[in-house]
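Beneath this line is the structure, given in structure tokens, with notes to follow.
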Amino acid sequence: MTAQAQRVAARAELDGTPAPNLLAPAEVHAMIDSFGDVGRELNRAEPEKLQQLYEKLDLEMVYQHEERAVDVSIRPARRVCAGVRGGT
């Protein structure tokens, strides 16, 4: 297959790929609002409430010892993924 034919085949495949499922800003704010008063819940630090919150967020934290950093990711409903990285 020639490079031109490969390029045409790749373009056809890309053209057939559905657009990513992006969220509008209002949808993101609605999702955040659906979690309730997160700050209050974190400050109260009741284990049961924190567990419910973390489950809703699908929270994952991985500590990188050598870097002294934590990789944090959340995957709330609707296949949204967000992450932050913080050092200690």
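Residues in the range 55-75 that are out of contact with any Lys or Arg (no Cβ under 8 Å at 6 or more places or on another chain), of a type in the set (D, E, K, R) and farther than 20 Å from G36 by Cα: 3 in all. Can you tell me which residue within the range 21-42, out of those that are assigned to a helix (DSSP H, G or I) and among the acidic types (D, E), is surrounded by the most Cβ atoms within 10 Å (Cβ to Cβ)? Ranking the qualifying residues of the range 21-42, first place goes to E41. Of the residues making up the range 65-81, just one is under 24 Å from A24 (Cβ atoms), out of contact with any helix residue (DSSP H, G or I) (no Cβ under 8 Å at 6 or more places or on another chain) and either among the basic types (K, R) or part of a helix (DSSP H, G or I) (or both), namely R79. Filtered by the rule that a residue be surrounded by fewer than 14 Cβ atoms within 10 Å (Cβ to Cβ) and at pLDDT 75 or above, the range 65-88 gives H65, E66, E67, R68.
Please work out which residue is nearest to the chain's Cα centre (by Cα), limiting yourself to the range 4-40 and to residues that are under 30 Å from D58 (Cα atoms) and polar (S, T, N, Q). Among them, the one singled out is N21. Candidates are the residues of the range 51-64 that are modelled with pLDDT of 80 or more and in a helix (DSSP H, G or I); the one that is nearest to P76 (Cα to Cα) is L57.
The values are calculated or read from the model by the stated rules, or taken from the named source; none is laboratory data. Quick caveat: nothing in here was measured; it's all calculated off a predicted structure. Cβ: placed from backbone, ideal geometry, glycine included. Neighbour counts: every protein chain shown.
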